[in-house]
Every structure is written in C-alpha cells, then in structure tokens.
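What follows is a short report on a single structure.
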C-alpha cells in the first residue's frame, strides 16, 4: 500500500513538471507572437507560470462567483476578461514579465489555452481533464457528503444517430479507438437492437427512459383534438407527453441524473432536459453557471467553437469543389448553420461532460446523457462522411476522459454506450424527383385541396432552445432575470423559442401548391403533410377522425394509388374498414391482420419486423390517414428523405433502424435481438435495479 502511494505521488509530480514545462513553452511561443508581451528568459517564464497558477488558485474561487451573472450572460466572456486580469496582475508581480494591457492579457489567455491543448495532445496529456477532476471533486465534497461505496453505478452515454454498422466500420478505420479497445480487451460487448417504426429521438428516448412510446407516430404529427401540428422539439408538448408515457418509475427514478436528454427518465437531477426545463419543482443543477466560471474553460470552449465553425465552412467548400453527391446546398449548410453545428458538437458536448464528471464525483447512482453532435453533422454531411466520423472521433475521446475520472470516483461505475437510432443515407426526395412530398400530394389532389406542411426546421434549434431555457430557469435570480429580459421577445412562459419552430393551427399558414384561388378549394379541405426523415404522414381534415381507405378513395380519388405508384415511394399504410391495416406498394399489397399478400410484398426491403411495427403504429390515436415511406434499396443502401437531409432517420429501411448497445461484459443479456425501445428499457432497468 505504501509503495502504491509513493508511485502515485511520483507520477503526480512527474505529470505536474511536464505540464509546467508545456505552459512555459506556450508562454515563450506567445511572447514571440504578441508584440505587447515581453518575457525576459526561461526562468522568468517559469516564475510567471507559477505566479499565474497561484493567483488562479487563491483569487479565482472568490472573484469568479462574484462575476457569475456576467459570465453566464456573456456566455463566458466576462470569465475570459477576469482570467486576463489575473494574468495582467501576474505581470505586475514578476520582474521581466511585462504585458501592455488587458487586451494583450486576454489574447495571452486564449493563446496559452490553444498551445497547451495542442502540445498536450501531442504528448497525450489531457491537462484540462485533470483540472476538471481536481476542481469538481472539491466542489462535490463541499456541496454534499459523498460516502464511498462498492455498489456500482451506471453511466449511460447516448451517441445520437449512430448505427451499429457505421460504428463497426468507424472502429475498423481508427475513428473510435477507445470503444475498440474496450471490445478487444473483452471488457465490453457490442450488440444491436431494432427501433420501432418511428426511428427518431422522441419515440426512442420515451421507450428507453420510460418503457413506453405509445402514440408518438413521428417527430412531428397532427394533433386532431387540438387541431394543430405539434413537434417533438416543442418544450410545451414534451412535459405533457412525458406525463403520458411515464409511470413514475423510469430508468433514472432512484436519485439518477438526466443530462441533455429529451425525456428525464423520472430523474430528480436534471440539466438541459427538454421535458422538465419549465418545471421549477425539479432540481436543476447549478453546474450550468459554474461551467463558465473556470479560468481556462471558456477559453478552451471558445477556441473549439470557432474552430468548428471554420471547419464546417471549409468542409462544405471542399465538398462542393470535389463535386460530392449528394450534397446539401448553401441554404441548408450556410447562414447560421455553422454556428448551430458548433453549439451541438462543442458547447453541448462540453456541458454534458462537465456535469457527468460532477455526477461521478457526487456518486450519482445512474446518469443518462445524450451527445447530439454526430447526428447533427451526419444529417448535413452524410452518414459516413469524414465530417461526421471526425465528430465521432472527438466523442470517443470524451469516453477516455470519463474513464480516467472513474478511477477517482467514490463508487465503481459501469460505462454503457448506446444509440437511440441510426441513420440511412442518400439524395433527398426533392433532389431526386424535383418536388417535395407536399408537392406530390398537391398534384395528386388535383389542386382542389389546401396542402399544409410543417416549418422547415429540424432538431438543431430545439437543442439550442433547451440550453437557453435552462439558463433562463437557472435558480440564481441574478442570472435568470437579466437573461430572461434579453430573450423576452423570443420567449413564452419562460420557454426560449429561437428559430421558426412552433405549433401551427391547420389552415392558417405554410400553405403550398394550390393553383386556384381559395374559393375553388373544397370546404374543410386541408390536407396536412408532415415529414420525419423518409417517413411521411398525411392527414385529411374533412372527417373528424382517421379517414379509412374507402373514405380516402371517395374524397381524394387518385391520391392513394398515385402515391403507391410513384417510383420514389416504397409503401403506403392505410386502414380499411373491411380489411384492417393494409400496406400498398407499386406492385402488390400486404394485409397486416392475416399476413396475406397480393403480388409483390411492398415490405420486402424494410426488414423482417416491418409488418409488426406497422400494425402497432396503425392503432395509435394520432395515426395519420396515410403513413408514406420512401423507397429503400438494400443493394445501394440508399433511401430518400422527405426532408432536406442526406443522412436521415424517422422510418424504416437500412441502418436508421439499427442502433447499438455497447455494455460491460459482466452484465447479463440474453442473446435475442432486442426489438423496440421498450425492450431495451427492460434490459437497462433490470441492470440498474439489481446493481
């Protein structure tokens, strides 16, 4: 035992000396780059680095909490200015270390962070992780009594949108060395599971975290009772939806933590969780504000964010220059998108990791966190593009950081990595055929009907709005009040709503396609057309409930057959008064109740459980009149999204329905395929309950 402590002490001293040398070298480089900075020799640099570290240790804890409101309101800029001020103070205390002003000191802080990160990476030294661990461990000990235990906890880390086959190829190509090492050493196993028909986050997370995803037909659907289009990214919907799917005994109910998720799993500790962020009775961690207080935290995050913006712009231009196909145009990868990408791939990742480290040192029994970066980039750049795989590689590095932190946790932890769905790739429906699903429905309806779709916005704005609403709802009034004032014009009842997403009453706006005047439309004639990846939902409003096949053929002659015969459509699901749920394709029909086939099976390319999924979804209260799926070609592995996404998910066909579960080998799992998110919930809940 004594020898072990001595070895640990020697390693600590050696590491500290190496880090000190890196910082001295960084200071020398910055002195060469900045005209307003002078460092007289190596020993001056050595002393200056020590004084800066000492000032941060002595003064930062007090000063940082005094500027907390300004740090959050400026997203860390005030913290950066304070860091520069401490460096400026160090310049007045060390002979031969001269800084000409606060601006130079701030640039020096940024430069030291950048160079330290580069040199630390080259030498395989994760200095910021070590700093996190030391500070967070002290914070957790001050906040609560942390009692060590040998009872294991669980960290569930969701890589949003990553399919098992994509992960396996990425590991073989070297993009996920941490996960590959776990498998090669035998510490973990990798299995696949199958999503429900709606292969997207709200349906999957409701099933994974609560064991129930009934009546979530897609990411967006038409609420017949309310008469409006609703979206899974709407925080006003999600609390009601969680109230329906939750039985109060979710995956995280036993003192668990939810980080960056859509649903809470009934966790008492939540941060950036969309379903609970308007509920002040739930505990929202103060780590959101503390994240911006650490002396190098903001500098590092700012530099990574700027780099991600530059990287997206460069990658897009490179893809255009090479003539990559499919490729989204500037309308979908220009404008504000590079900033939205940086927020999801950098800022939200760092917030999640920071709070997870806090959970580890607090000994939280179970935590579930969603990392959305890969999913966001794959939508716009492609499922296995270098852009998306690079994001995956960065996520893999976070696992190594967590793995290191677990050595100092007050309890052992099982690290479980999983995904909620995958993605399938291919040119979009509009790129292939020159029209959207809305346009096609409008043509087939002979312009007699008002055709209304959803707004052209995806999950990225939803992630940003959740994060900003979390800040507005922060329990420190000095932060929430001024931030709420700034965002007041884009907020409703405390919910920040940047971007165009909103609930849309049917018949008001987003109307497309009609050639004649409004007077030529049939009364009560609105047709609602919604897209969720390659899954389309079509609702007619001439009847109070769901229209059957017989009603559709009477009111909308030619619509059903026209959709089924289009070359870009794989199948259409409709409910018949006499035959029950019926799947129609260009060359045949599949009767779901008795499995009878006429002609070619329209579900042949969509997996062995396609009929089972469709039969279940046919019974949902808000099921559309028509479920419409684009084609899927198993030979090319391509489908076509009804949204402008070249990596997509939301329906059946290909890797989008093939997420993964990577878990410690010591945990039990039957060798059967897990079908549906609720089946995965039962496995995870069994592990947590028996820990």
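Odds and ends about this structure:
- Checked against (1) surrounded by 24 or more Cβ atoms within 10 Å (Cβ to Cβ); (2) touching a helix residue (DSSP H, G or I) at 6+ places or on another chain (Cβ under 7 Å), residue 256 passes all but condition (2).
- The number of residues in the range 607-644 being in contact (Cβ under 8 Å) with a residue 40 or more places away in the chain and assigned to a helix (DSSP H, G or I) comes to 7.
To keep it simple, each residue is scored yes or no on (1) at pLDDT below 70; (2) assigned by TED's automatic domain parsing to the domain that holds residue 91; (3) surrounded by fewer than 18 Cβ atoms within 10 Å (Cβ to Cβ); (4) not in a loop (DSSP other than H, G, I, E, B).
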residue	(1), (2), (3), (4)
10	yes, yes, yes, yes
16	yes, yes, yes, yes
28	no, yes, yes, yes
52	no, yes, no, yes
57	yes, yes, yes, yes
64	yes, yes, no, yes
71	yes, yes, no, yes
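- The range 326-366, subset modelled with pLDDT of 85 or more and outside any helix (DSSP H, G or I), residue surrounded by the most Cβ atoms within 10 Å (Cβ to Cβ): 366
- Candidate set from the range 662-683 (those that are touching a helix residue (DSSP H, G or I) at 6+ places or on another chain (Cβ under 7 Å) and not in a loop (DSSP other than H, G, I, E, B)); member that is surrounded by the fewest Cβ atoms within 10 Å (Cβ to Cβ): 678
- Qualifying residue in the range 80-100 (condition: on the phi > 0 side of the Ramachandran plot and modelled with pLDDT of 60 or more): yes
- Of 320, 300, all but one fail to be farther than 30 Å from residue 164 by Cβ, assigned to a helix (DSSP H, G or I) and either touching a residue at least 40 places away in the same chain (Cβ under 8 Å) or touching a helix residue (DSSP H, G or I) at 6+ places or on another chain (Cβ under 6 Å) (or both); the exception is 300.
The values are calculated or read from the model by the stated rules, or taken from the named source; none is laboratory data. All of these numbers come straight from a predicted model, not from anything done at the bench. Every residue, glycine among them, receives a Cβ derived from its backbone with ideal geometry; neighbour counts consider all protein chains shown.
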